[in-house]
Amino acid sequence: MTLALTGTQVAGRLRSAFPDAVIAEDDVSVTVRAERIVEIALYLRDDPDFDCKYLNSLTAVDWIDYFEVVYHLSSLARNHALTLKARADRTRAGVPSVISVWQGADLQEREVFDLMGITFEGHPRMKRIFLWEGFPGHPLRKDYLALPGGYKPGLQRFPYEFPEGQSEYPYLGRSPHADLMLGTAHLEAEAEPELSGPPPADARPVQPTAGLAVPQGEEPGKQAARAGKETDLEVVAEKANEDDVP
């Protein structure tokens, strides 16, 4: 069973090596100043007593007044684990990257930047990883639904829990994208009348079908021909017959 080192145990050693770097500690974790995170990370990785060569995960917490980046570290050789936190100022929201210490921090720091808005200084590819460039704000921040200018992204209630007098989302319009987002695509499908049988052969559209998959064991073009459609194979055959005519 992996031994969990307490924050108090780790803090004692860190205070000896890095005076004034430790901000707080408890039974679960130790919190340090953000600007000291790289040298502390190197110490925890290279010190033979800690040997924390593996970064299990990297995440962040929004405490309204400040951010905390959380590093879960472990030593496979010593079979112990610890939790390290770096406290960052909310207005600046910047923490040095630990990608030079653990390469596994690469995508995890980008995820925190994308969803929480914390910049990791020194990261070689500091850009969004889930959302697109230009997306307004960072949705895991606790003030995300109170952006400047009164802008409120996302639905303000659960879907279809409308305020009194409202029964739809007029600002979204009736577009395929809105139907997919709201799960209303089935409404149009239900509104279409069902046919009692197959349409007449003369009413079926005839069009080339590129990249038609042919079931195993079935002659090419047979399935599409049975459905009343013209295939690329038939078009090619007709063109070949035309070329043979003198």
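No value in this document is a laboratory result; all are computed from the given coordinates. Just so it is clear, the model here is predicted, and its values are computed rather than measured. Ideal geometry is used to build each Cβ from the backbone, glycine not excepted, and the neighbour counts take in all protein chains shown.
Expressed to the nearest 5 percent, the antiparallel share of DSSP beta bridges inside segment 1-140 is 70 percent. Percent of C-alpha pairs per 10 Å bin in segment 37-97, short distances first: 23, 48, 23, 6.
What is the extension gain from Asp49 to Trp63, computed as 0.36 nm multiplied by their sequence separation minus the C-alpha to C-alpha distance, in nm to one decimal?
1.8 nm
Distance between the pseudo-spin-label points of Asp26 and Asp143 (7 Å out from Cα toward the beta carbon): 2.4 nm.
When a/c reaches 1.5 or more, the comparison of a/b and b/c decides; with that in mind, is segment 1-57 rounded, prolate or oblate per its Cα gyration tensor? Cα axes put segment 1-57 in the oblate bin.
Once the Kirkwood radius over Cα pairs is known for segment 25-70, the Stokes-Einstein relation at 25 °C and 0.890 mPa s delivers a diffusion coefficient of 204 µm²/s. Residues whose amide H comes within less than 5 Å of that of Glu25, counting only those at least five positions distant or on another chain, are Thr31 (H built at 1.01 Å from N in the peptide plane).
Taking 20 °C and 1.002 mPa s as conditions, segment 69-109 diffuses translationally at an estimated 182 µm²/s according to Stokes-Einstein applied to its Kirkwood radius (Cα pairs).
A full extension of the chain between Thr8 and Ile129 corresponds to an added length of 40.1 nm, given 0.36 nm per residue minus the alpha carbon distance.
Amide hydrogen proximity for Ala60: with H placed 1.01 Å from N in the peptide plane, the residues at 5 or more positions away or on another chain lying under 5 Å are Val70.
For segment 2-158, dividing the convex hull volume of the Cα atoms by the residue count gives 131 Å³ per residue.
When each of the peptides 70-82, 45-57, 94-106 is scored by how many other beta carbons lie within 10 Å of its residues on average, the order from highest to lowest is 94-106, 70-82, 45-57. Dipole orientation for segment 1-153: of the candidates Gly94, Leu140, Pro19, Leu140 has the Cα lying most toward the positive pole (charges on Cβ; Lys, Arg +1; Asp, Glu -1).
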